[in-house]
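Asks: Please read through the structure below; I'll follow up with questions.
Read-outs: derived from the displayed coordinates by stated rules, not from any lab. A quick note: this is a predicted structure, and the numbers were derived from the prediction, not measured. Here the Cβ is made from the backbone with ideal geometry for all residues, glycine too, and neighbour counts use every protein chain on show.
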Protein chains: 2
Amino acid sequence: MQTLFVELGERRYPIFIGSDLNPAELLAPYIKGKQVMIVTNDTVKPLYLNHYLDAVQSLGKSVATCVLPDGEKYKNIQHLNLIFDALLEAGFNRDCTVLALGGGVIGDMAGFASACFQRGVYFIQIPTTLLSQVDSSVGGKTGINHPLGKNMIGAFKQPEVVMADMSQLKTLPERELSAGLAEVIKYAFLGDVEFLHWLEQNMDGLVARDPLLLAEAVYRSCAHKARIVANDEKEQGERALLNLGHTFGHAIESYMGYGVWLHGEAVATGMVMAADLSHRMGWISAEDLERTKKILQRAHLPVACPKIPIDEFLAYMSHDKKVLNGQLRLVLLKKLGQAIITKDFDIELMKQAILANQLSA
Amino acid sequence: MQTLFVELGERRYPIFIGSDLNPAELLAPYIKGKQVMIVTNDTVKPLYLNHYLDAVQSLGKSVATCVLPDGEKYKNIQHLNLIFDALLEAGFNRDCTVLALGGGVIGDMAGFASACFQRGVYFIQIPTTLLSQVDSSVGGKTGINHPLGKNMIGAFKQPEVVMADMSQLKTLPERELSAGLAEVIKYAFLGDVEFLHWLEQNMDGLVARDPLLLAEAVYRSCAHKARIVANDEKEQGERALLNLGHTFGHAIESYMGYGVWLHGEAVATGMVMAADLSHRMGWISAEDLERTKKILQRAHLPVACPKIPIDEFLAYMSHDKKVLNGQLRLVLLKKLGQAIITKDFDIELMKQAILANQLSA
């Protein structure tokens, strides 16, 4: 097992990364109060809930469970309220711990509920998908969607501890594994060319779900994100680098209809567009661009999107949250392993980069 | 005009207290971003909304309005969501300011919405009731009720600035003025016997709504609360002193049905019960207890509640949020002007103190 500390002053917390981890032993120091609410979904429940129920009960805690339906479409205020209902019906007071057992949606909702219940209770995260292990484990972003926008309502809430168990990735659907790998690859592109090299050497093993390789990939990804978040907890600057591929990807997701493409799939194609524009701007070479596509393809990710009229594509991009005062900012690559945030790019070259990475009709 | 700073490090903010204040001039430095959402209710709207709309527009800001129905019963997740709807329908991004124009309910809801919208935007508070001027202006507690409990869901959110204009108290119903005075008197009891003396000298003028006296009472109350909150922002200790009268009052409010007694009215009688128990414990004299009742009566506040069976009263008290691990803690008076938080009190004496301050059937 490896342990990584996210350095946030008095909100510093550890991430435990390994296989077949022992939850009772590892979580014991971090469960605060006598009451624990496990929030999970109906997909994860039959697989892993009892394992954690037993562990928490063995620590002498009183445990309740809130099982939400599985899916991003339930990440809304109505289903958030079901967590509050469960907490209050079980008589929880402010001295309790909310434990998220599931992917990003469960982590976002349980985390937000823990931030708001009694104006803040303790929170523990057990991410069960690769995407949530490398993305939601670090950064403290929690929240829900609104019919008019994703993640529009939420809070920054740091957990007491995160436990990422690679053995739980065995049951992950293949597309979701790939979607998680998209975010892993993102960390390499935006700040660590050595990690890109490592991924190129080990991608086949990762796709085959070798637990030691997965653990190493999760560790490196979390370490990278943790370093950025420690410098910029509330996303005033550097943290925006993590949005590499996201503004293009957001347009693809929106156009396709949420849930048709997974977020990681859209980000993968978005990263290709960002790399393509970076190439057209003269910052990275044609070989670098090919290398970008190649590693994504080896992770079974799409590197082009269906044909989307360019005006619609641009309109969706401009609805992205990263637009500041009407000014589109993009995360681009100055070189492989070094991303920058910039509003100084050629709009015509951007259109070319988008069109070049769409499938012909 | 007097200015009081609430000292919370980088979240330090001023409270402007006076009459016929100029909002455009005073708010200009504190409105962040180009978009301002004024949240108010249908009672305050016809009285004061245009005044602030004009002021904000004169600063070149784009303004939208969200008008909620007036009343504590609307302080719920459904009506909170109307604020998010308004923000997103008006196309607000994270660089905006939410301005609460109203009493405690509006402040709590708009403040909580500002804490959650885009994971936190700027917040300005213009409290229009005496209670919200002395209570909600300081401390950053925001939130909503749940069918199973008051203020169960919320956030700590500090405003950029608070503007308390005494001239707006002219339109306040008499019972609400008295309810505000209950909280003013509370500050004197719990930590400032000199202020109690001042109130005894000036209560007639306060009840007659003399704006200079009201401003002084608001200033002293806010200063007192600000000092406590600066020491204990997240209510780990000293801040619980502010709950003087609240545990007893909570039982009265709950038994009567929320809204039948105003919160301040219940707190007034609750303070009499706390003082009575403090007297029975031998801490304050019979004269001190009479002095307690007298000043509350002069503010037209109830000093006794209807007959409530003692078992029911105790059951409601034990449901109070201040119960920690099943242990009831009370705020009592070691002497007039000096409150303490204690679990060491005689339960029989407490029953006597409750029964002694109920009206005969």
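Asks: Could you work out, residue by residue across B:47-56, how many beta carbons of other chains sit within 10 Å of that residue's beta carbon, and then give the average as an integer?
Replies: Mean partner shielding for this stretch: 0.
Asks: Give me Rg over Rh for chain B, both radii from the alpha carbons and Rh done the Kirkwood way, two decimal places.
Replies: Rounded to two decimals, Rg/Rh equals 0.97.
Asks: Let a ≥ b ≥ c be the square roots of the eigenvalues of the Cα gyration tensor of segment A:195-311; is it rounded (a/c under 1.5), or, if not, prolate (a/b larger than b/c) or oblate?
Replies: Verdict is rounded for segment A:195-311.
Asks: Rounded, prolate or oblate for segment B:1-151? Axes are the square roots of the Cα gyration tensor eigenvalues, ordered a ≥ b ≥ c, and the cut-off for rounded is a/c under 1.5.
Replies: It comes out rounded by the Cα gyration axes.
Asks: Right, something else. Just need the relative contact order of segment A:136-189 here, percent rounded to a whole number, with Cα pairs under 8 Å and 6+ apart.
Replies: Across segment A:136-189, relative contact order equals 23 percent.
Asks: Zone of residue A:335 (label point 7 Å along Cα→Cβ, backbone N under 20 Å): which residues in segment A:253-287?
Replies: Correct set: A:274-287.
Asks: Taking the Cβ-Cβ separation of residue B:258 and residue A:148 as r and a Förster radius of 56 Å, what is the calculated FRET efficiency to the nearest 0.05?
Replies: With R0 = 56 Å, the Cβ-Cβ based efficiency is 0.95.
Asks: Let me ask you something else. Given an 8 Å cut-off on Cα distances and at least 6 residues of separation, report the relative contact order of segment A:1-145 as a percent.
Replies: 23
Asks: How would you classify segment A:78-179 from its alpha-carbon gyration tensor, with a ≥ b ≥ c the square roots of the eigenvalues: rounded for a/c under 1.5, else prolate if a/b is greater than b/c, otherwise oblate?
Replies: Note, shape of segment A:78-179 comes out prolate.
Asks: Which whole-Hz couplings ³J(HN,Hα) result when phi for each residue of segment B:30-44 is put into the Karplus expression 6.51 cos²θ - 1.76 cosθ + 1.60, θ = phi - 60°, listed in order with x for Gly and Pro?
Replies: 10, 7, 9, x, 9, 10, 10, 10, 8, 9, 9, 10, 6, 7, 6
Asks: Related question: Where does each of A:109, A:152 land when they are ranked from fewest to most other beta-carbon atoms within 10 angstrom?
Replies: Going from least to most buried by this count: A:152, A:109.
Asks: Another question, if that's okay. Is there a simple number for the mean count of other chain Cβ atoms within 10 Å of the Cβ of residues in A:152-160, and what is it?
Replies: The per-residue average across the peptide is 4.
Asks: Provide an ascending nm list, one decimal, of label-point separations from residue B:286 to the equivalent residue in each further copy; define each label point as 7 Å from Cα along Cα→Cβ.
Replies: Spelled out, the distances from residue B:286's label point are 10.3 nm.
Asks: Another one. If neighbour count is taken as other Cβ atoms inside 10 Å, put B:220, A:175, A:12, B:298 in order from fewest to most.
Replies: By the 10 Å Cβ count, ascending: A:12, A:175, B:298, B:220.
Asks: Taking the Cα atoms of the protein assembly as shown, report the difference between the largest and smallest coordinate on each principal axis, in whole Å and largest first.
Replies: On the principal axes, the protein assembly as shown reaches 89, 62, 35 Å in Cα extent.
Asks: Another one. For segment B:269-343 and segment B:32-100, what is the centre-to-centre distance using only Cα atoms, to the nearest Å?
Replies: 38
Asks: Over chain B, what relative contact order in percent results from Cα pairs under 8 Å that are six or more residues apart?
Replies: After rounding, I find 15 percent.
Asks: Hey, another quick one. If you take the beta carbon distance between residue A:47 and residue A:297 as r and set R0 to 41 Å, what does 1/(1 + (r/R0)^6) give as a FRET efficiency, to the nearest 0.05?
Replies: Result of the calculation: an efficiency of 0.85.
Asks: Would you work out which of A:146, A:43, A:100 lies farthest towards the positive end of the dipole of segment A:2-171? Charges go on Cβ: Lys and Arg +1, Asp and Glu -1.
Replies: Towards the positive end, the residue furthest out is A:146.
Asks: Quick one: among A:174, A:348, A:290, which has the greatest mean-square fluctuation in a GNM of chain A with alpha-carbon springs under 10 angstrom?
Replies: A:348
Asks: While we're on this one: What whole number of Å gives the distance from the Cα centroid of segment B:131-153 to the Cα centroid of segment A:101-131?
Replies: Centre-to-centre (Cα) distance: 24 Å.
Asks: Now for a separate question. Fewest to most neighbouring Cβ within 10 Å: what's the order for B:273, A:281, B:37, B:256?
Replies: The order, fewest Cβ neighbours first, is B:256, A:281, B:37, B:273.
Asks: Using a Förster distance of 25 Å, how high is the FRET efficiency between residue B:230 and residue B:343, based on the Cβ-Cβ distance and rounded to 0.05?
Replies: 0.45
Asks: Applying the Karplus parametrisation 6.51 cos²θ - 1.76 cosθ + 1.60 with θ = phi - 60° to the phi angles of segment B:172-179, what ³J(HN,Hα) value in whole Hz is obtained for each residue in order, glycine and proline being reported as x?
Replies: With the stated coefficients, segment B:172-179 comes to 6, x, 4, 4, 6, 4, 4, 4 Hz.
Asks: Then there is this: Counting only residues 5 or more places away or on other chains, whose amide H sits under 5 Å from the amide H of residue B:118 once H atoms are built in the peptide plane?
Replies: A:153, A:154
Asks: Need one number: % antiparallel among DSSP beta bridges in chain B, to the nearest 5.
Replies: Restricted to chain B, the bridges split so that about 40 percent are antiparallel.
Asks: Given points 7 Å out from each Cα along the Cα-Cβ axis, report the residue A:1 to residue B:351 separation in nanometres with one decimal.
Replies: That separation, rounded to one decimal, is 5.1 nm.
Asks: In peptide B:118-124, what is the residue-averaged number of other protein chain Cβ atoms found within 10 Å of each Cβ?
Replies: The shielding value for this peptide is 4.
Asks: Quick one: Karplus J couplings for segment B:6-21, per residue in order, coefficients 6.51, -1.76, 1.60, θ = phi - 60°, nearest Hz, x for Gly and Pro?
Replies: Per-residue couplings from phi come out as 8, 8, 10, x, 6, 9, 3, 8, x, 10, 8, 10, x, 10, 6, 6 Hz.
Asks: Something else now. Suppose we keep just the DSSP beta bridges with both residues in the protein assembly as shown; what percent of those would be antiparallel, to 5?
Replies: 40
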